[in-house]
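Just below is one structure, and these are the notes that go with it.
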């Protein structure tokens, strides 16, 4: 448990920096997909920009692991019709994936 808590402490220590990195990564990986989903929706916007994508992501929870890895869970702001956005990475600043679930 102590190792998992160390992972959490690294994330909390620089919360604003991590928040920006994680959201930037998610938008770079998923922006095209969000705009594909937009085509099938009666949306009020014609295109989802990086800024819109990042603003619509709302933090929900996270899982931290003893090896320094983590998963961050965000609500999708209805970009993916209510699915969850999950970003996987580690405290070395490496990201593995960003995807929708649920």
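Every read-out reported here was derived from the displayed coordinates using simple, explicitly stated rules and does not represent laboratory data. Note that the structure is a prediction, hence the values are computed from the model and not measured. Using ideal geometry, Cβ is built from the backbone for each residue, glycine included, and neighbour counts are taken over all protein chains shown.
Are any of the residues in the range 1-12 out of contact with any helix residue (DSSP H, G or I) (no Cβ under 8 Å at 6 or more places or on another chain) and within 19 Å of residue 101 (Cβ to Cβ)?
No, the range 1-12 has no match at all.
For the range 4-21, which positions are outside any helix (DSSP H, G or I) and either closer than 12 Å to residue 62 by Cβ or touching a residue at least 12 places away in the same chain (Cβ under 8 Å) (or both)?
None - no residue of the range 4-21 is outside any helix (DSSP H, G or I) and either closer than 12 Å to residue 62 by Cβ or touching a residue at least 12 places away in the same chain (Cβ under 8 Å) (or both), so the list stays empty.
Being surrounded by fewer than 16 Cβ atoms within 10 Å (Cβ to Cβ) and either over 18 Å from residue 67 (Cα atoms) or touching a strand residue (DSSP E or B) at 6+ places or on another chain (Cβ under 9 Å) (or both) is the filter here; which residues of the range 11-21 pass it?
14, 15, 16, 17, 19, 20, 21
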